[in-house]
Amino acid sequence: MPALLQKRRQTNMTAVQKALLAWFKAEGRQLPWRSTSDHYAIIVSEVMLQQTQVKRVIPIYLSFLRRFPTFDILADASAADVIKSWAGMGYNRRVMNLQRAAKQIVEMHEGVLPDNITALRSLPGVGEYTAAALSCFALGNEVAVIDTNVRRVLGRIFYGPEGAHNKELSITANQVLPIDDAWSWNQALMDLGATICSSRRPACLLCPVRSDCKASGTFTAPNGILAEAQEPYKRKR
């Protein structure tokens, strides 16, 4: 048995997968970029979400797509118009990279998002995480997508409150990836980390995988009561 699997042997991976996917189906956030398969719309959302909170992204994402609905239109737009439509997001370098990526996709890939991690990584502003996100969420590939929330969630579930090193978590993320349902699994991990398994006061009593989590019940509020009893989670859309 591989060392990492031995280290996690007391955690029922199948039970975690089933519970988390069922929770996501019922409680997952309804976000506009999750209801589209359009590659362009998804790369726009991923770039916007790199350093900006979801609630701030949504209205600008929708207006940006109305103004620049395709790779071709964004590629041909003036820098001034693009930056103006980005107002409120900050970090204008991101949208300049997005426009450069659109031009590269039009010129080198006939306007189609390349289905290759190396080619995705060559796009301006696309790093390891964004390339994986595009590969899974836009192109439908079965790959693990690992952001801060995912690292925290997997670390707590399989290793306890202290988590694990990034290398271990990367291996774990790939080992626990459900067959044929990577899209839902990756989104579910992100939602759990964003809404329940928060960094400071996780709501363990409301967690769908608490019975199989090695960190469950270890977080308390200043008065000694479990933190989850203090701030009940309100479903966010």
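Dividing the convex hull volume of the alpha carbon atoms of segment 1-130 by its residue count gives 148 Å³ per residue.
Remark: segment 55-70, residue by residue, has Karplus-estimated 3J(HN,Hα) of 5, 7, 6, 3, x, 6, 4, 5, 6, 5, 5, 5, 7, 10, x, 9 Hz, where x stands for each Gly or Pro and the curve is 6.51 cos²θ - 1.76 cosθ + 1.60 at θ = phi - 60°. In this rough spin-label picture, where each label sits 7 Å from Cα along the Cβ direction, the THR218-ASN166 distance is 2.2 nm.
Report Rg/Rh for segment 156-213, rounded to two decimals, where Rg is the Cα radius of gyration and Rh the Kirkwood radius. Rg/Rh for segment 156-213 comes to 0.95.
Could you tell me how far the Cα centroid of segment 92-134 sits from the Cα centroid of segment 66-87, in Å? After rounding, the separation between the Cα centres reads 16 Å. The Cα atoms of the chain define a convex hull whose projected area, averaged across directions, is 13.6 nm². Among VAL126, VAL44, VAL106, the largest mean-square fluctuation in a Gaussian network model of the chain, built with springs joining Cα atoms closer than 10 Å, belongs to VAL106. Computed over segment 103-179, the convex hull of the alpha-carbon atoms projects to a mean area of 5.6 nm².
Suppose we flag GluC sites (Glu not before Pro) only when DSSP calls them loop and at most 16 other Cβ atoms lie within 10 Å. Which is the longest uninterrupted stretch of the chain? Mind dumping the intermediate values first?
Values: sites that count: GLU110, GLU142, GLU162.
With GluC sites (Glu not before Pro) excluded where exposed in loops, the chain gives 1-109 as its longest stretch.
Using the Karplus relation 6.51 cos²θ - 1.76 cosθ + 1.60 with θ = phi - 60°, the per-residue 3J(HN,Hα) values for segment 79-88 come to 4, 4, 5, 5, 5, 4, 6, 8, 3, x Hz, with x marking Gly and Pro. Residue by residue, segment 94-104 carries 3J(HN,Hα) couplings of 4, 6, 5, 5, 4, 5, 4, 5, 4, 4, 5 Hz when phi is fed to the Karplus relation 6.51 cos²θ - 1.76 cosθ + 1.60 (θ = phi - 60°); x denotes Gly or Pro. Applying 0.36 nm per residue to the separation of ARG67 and TYR129 and subtracting their alpha-carbon distance, the gain on full extension is 19.7 nm.
Bear in mind that the values in this text are calculations on the coordinates, not laboratory data. This structure is a prediction, so every number in the text was calculated from the model and none was measured. Positions of Cβ are generated from backbone atoms using ideal geometry, with glycine treated the same way; all protein chains shown enter the neighbour counts.
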